Amino acid sequence: MDLRFLGGFKLTFEHLGRRRVTREYPDEKMPKQPRQHGRHVLNRYEDGMEKCIGCELCAGVCPADCIYVRGLDNPPDHPVSPGERYGYVYEINYLRCIHCDLCVEACPTEAITETKLFEFSFTNRFDAIYTRDELLVGDDGRPKKLPWEDWREGDDLHTSGWMRATSPSGAAAFEGVVQWSGELGYGVRAPEGGQSGRRDDAATGMLPLREVMEAHLLPDDIPFEHRGMRGKVFRARASMDKKRRKLVAARTRRAGLKAAR
Amino acid sequence: MNPLASFATDPLFFHGVHWVELLIVVIKVLVAFVVLLVSVMLMIWFERKVISDMQSRIGPNRAGPYGLFQTLADGIKLFFKEDLVPDQADRFVFKLAPYLALLPALLIFTVVPVGGDLSIAGHHFELQVADPPFGILFVLAMSSISVYGVMLAGWSSGSKYPLLGSVRASAQMISYEAALGLNVVAVVLTARALSTRAIVASQAHAFWDWNLIRLGFVPFFLFLISITAELNRPPFDLVEADSELVGGFNTEYSSIRFALFYLAEFMNTITMSAVVVTLFFGGPDGPIPRFIPTSDIWMPIVWFALKTLVFLFIYVWFRAALPRLRYDQLMDLGWKVLIPMSLGWLLVVAAVIVWGWWGLLVALAEVVLGAGLARAFGVGAARTETEEAF
């Protein structure tokens with residue numbers, strides 16, 4: 001008689017004393033991934049013009065059929081978007097949306113992007129349909145925080161096309177090249193460091209996203225070279241590089257000044 | 001002595017039946033009912049907690065301290081759900097079935113002795129709702145009736161999955177009831193009584209007098225396995241088999257009727273654990289050599305509750321550790337292993353009781369006969385195979 005099934009009893013009994021894997025969600029929230037797919041925003045240019053040109057590509061590509069767009073010719077005296085047309089009606093039904101981000105990929109003007117917000121709920125089916133007014137960013141260039149939404153710290157900061165374009169999985173040849181338009185409240189954002197670590201923190205106004213988020217990532221998601229002792233060495237070396245570059249820049253500037261004198 | 005005494009061995013009735021006795025009986029029934037319902041509530045909570053611990057989860061922890069009131073919340077929710085009766089259903093039987101499942105579960109508990117004797121205001125009575133002289137037969141009868149609840153529920157639903165579930169249920173429960181009964185007979189032979197209290201009293205001198213040890217462990221394990229099958233608990237939960245039969249016999253049930261099935265299942269688990277404790281572990285008797293009436297009131301009840309709790313834990317452990325049996329494996333186990341083993345062990349027990357240690361010769365004869373039978377079957381099978389090959 002095969003008695004190996006007794007191993008099941010041993011295993012389940014051992015599990016009684018093990019650490020629990022459950023997170024008690026409303027009390028204890030997991031950090032979000034840097035590029036989490038959440039509710040959409042409609043972006044604007046620096047001058048406040050809407051980026052959406054009413055082309056309906058997003059609606060066409062949507063596999064869940066949740067986007068409804070109607071374009072309208074821009075009024076000549078006060079155009080809404082720099083293009084020929086603008087998104088006159090823009091509705092997303094969040095009871096259908098699967099947050100696949102295909103609309104974001106399809107958009108030719110980076111008008112529609114996604115925030116990291118996913119904690120919003122309704123008591124009415126009609127409330128699940130977000131209109132253009134609700135999706136459009138506010139005058140400060142940040143997504144509108146609607147009363148039934150539960151925004152967390154920093155969720156509304158990096159929500160534009162920049163987020164998509166600086167994705168570290170992009171082609172190496174385009175690393176550090178600005179391929180996105182400016183946006184209201186932020187201007188043209190500088191590129192993120194990317195895989196080779198070149199970065200301009202002064203211009204982006206932040207440390208590279210991945211390193212900022214690292215503190216919140218699950219241990220498995222932190223890149224190997226950033227873990228433990230190796231991570232410390234990596235960060236020390238990076239800061240030394242930065243100091244050396246600053247030093248070199250200052251020396252050349254001084255040398256230039258001397259030469260001019 | 002009162003003529004009633006021949007029907008009920010409870011000393012309460014020795015001096016005739018007056019309204020005081022009736023009142024005591026009613027109170028006993030009410031207390032047992034409430035205790036059983038509350039313990040079912042706690043059992044469901046316990047099962048969910050323990051099984052989630054065994055799977056490194058947390059389990060219910062929202063309703064009340066440690067999620068204790070989760071079952072209550074679920075019950076209230078179920079109560080207010082829409083009560084559906086399928087179009088194709090046999091309406092009367094469909095509505096009757098949940099009660100047929102619940103009632104035996106309640107009734108079995110009445111014959112389980114939960115403690116020693118108690119005296120209140122000159123009335124001496126047993127801590128047991130009823131103590132009929134045929135106690136253990138009553139348990140068997142009721143557990144058979146609960147098959148009807150499951151079977152009729154599936155049959156009357158007018159739907160294929162419940163029907164399949166109930167066909168499985170009737171086959172499974174009937175075949176395991178044979179093994180169950182044979183092991184009970186072994187207990188009855190040593191106790192020389194059918195009354196549950198007498199069975200407890202017969203093993204009440206010391207823990208080595210428990211039927212577990214006295215009968216040589218085997219009947220206990222066979223009984224435990226067949227009772228698990230009788231309860232339709234994992235790994236024998238083919239009746240419900242979520243992954244094969246949607247929900248099994250109760251697929252079409254909703255609202256309070258579904259809750260009744262759920263209640264019955266867990267109540268059966270508790271009562272059957274109590275029956276195992278009664279039959280094989282000396283019931284309310286502690287492990288220290290000690291007879292019930294000499295001990296105080298509370299300790300026997302505590303011992304009884306503790307022992308029952310161990311079995312409840314074991315049932316949850318079964319569920320966490322063992323995968324469900326396939327239908328043919330279930331039938332093989334029932335007919336080819338459990339029944340022959342129970343029968344053989346019963347013969348040995350009977351022989352030892354009658355002839356003393358000479359009775360062990362029966363065991364030897366069984367081994368020889370069994371080997372011969374196995375050989376015969378082997379030859380037969382080999383021959384059929386060769387014939388089929390041509």
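For segment A:6-52, the tally of residues that are open to solvent by 90 Å² or more (accessible area, probe 1.4 Å) and in a loop (DSSP other than H, G, I, E, B) stands at 8. Here B:P65 meets the list (1) at pLDDT 85 or above; (2) surrounded by fewer than 13 Cβ atoms within 10 Å (Cβ to Cβ); (3) farther than 30 Å from A:Y25 by Cβ; (4) not acidic (D, E) almost entirely, failing just condition (3).
Name the single residue that is least open to solvent (accessible area, probe 1.4 Å) among those in segment B:46-61 being more than 9 Å from chain A (Cβ to nearest Cβ) and over 20 Å from B:L106 (Cβ atoms).
B:P60
Of the residues B:V246, B:V187, the single one that is open to solvent by 20 Å² or more (accessible area, probe 1.4 Å) and either in contact (Cβ under 8 Å) with a residue 60 or more places away in the chain or in contact with a strand residue (DSSP E or B) (Cβ under 6 Å, 6 or more places away or on another chain) (or both) is B:V246. Taking first residues from segment B:18-33 that are open to solvent by 90 Å² or more (accessible area, probe 1.4 Å) and partners that are of a type in the set (S, T, Y), no Cβ contact under 6 Å between residues at least 6 apart in sequence or on separate chains turns up.
Considering segment A:12-45, and only residues there that are of a type in the set (S, T, N, Q) and touching a residue at least 60 places away in the same chain (Cβ under 8 Å), the residue that is farthest from the other protein chains (Cβ to nearest Cβ) turns out to be A:N43. Residues that are without any contact (Cβ under 8 Å) to a residue 24 or more places away in the chain, of a type outside the set (F, W, Y) and outside any helix (DSSP H, G or I) within segment B:34-82 comprise B:S56, B:R57, B:I58, B:G59, B:P60, B:N61, B:R62, B:A63, B:G64, listed in sequence order. Has segment B:196-205 got any residue that is of a type outside the set (A, V, I, L, M, F, W, C) and closer than 23 Å to B:L333 by Cα? The answer is no; no qualifying residue exists. Scanning segment A:81-103 for any residue that is open to solvent by 80 Å² or more (accessible area, probe 1.4 Å), within 18 Å of the chain's Cα centre (by Cα) and more than 14 Å from chain B (Cβ to nearest Cβ) turns up at least one such residue.
Being within 30 Å of B:A201 (Cα to Cα) and either touching a residue at least 40 places away in the same chain (Cβ under 8 Å) or among the aromatic types (F, W, Y) (or both) is a property that B:F92 lacks. Among the helices (runs of 4 or more DSSP H) lying completely within segment B:177-249, list those that include at least 2 residues that are more than 15 Å from the chain's Cα centre (by Cα) and among the aliphatic types (A, V, I, L, M). Passing ranges, in order: B:196-202, B:211-214. Has segment B:80-91 got any residue that is at pLDDT below 90 and among the aromatic types (F, W, Y)? Scanning segment B:80-91, I find no residue that is at pLDDT below 90 and among the aromatic types (F, W, Y), so the answer is no.
For segment B:82-98, the count of residues that are of a type in the set (D, E, K, R), surrounded by 15 or more Cβ atoms within 10 Å (Cβ to Cβ) and within 14 Å of chain A (Cβ to nearest Cβ) is zero.
The values are calculated or read from the model by the stated rules, or taken from the named source; none is laboratory data. Since we're looking at a predicted model, the values are computed, not measured. Counting neighbours? That spans all protein chains shown, and the Cβs are built from the backbone with ideal geometry, glycine included. Surface areas here come from the heavy atoms of the whole protein model, side chains and all, with no ligands, DNA or RNA. Shrake-Rupley method; radii C 1.70, N 1.55, O 1.52, S 1.80 Å.
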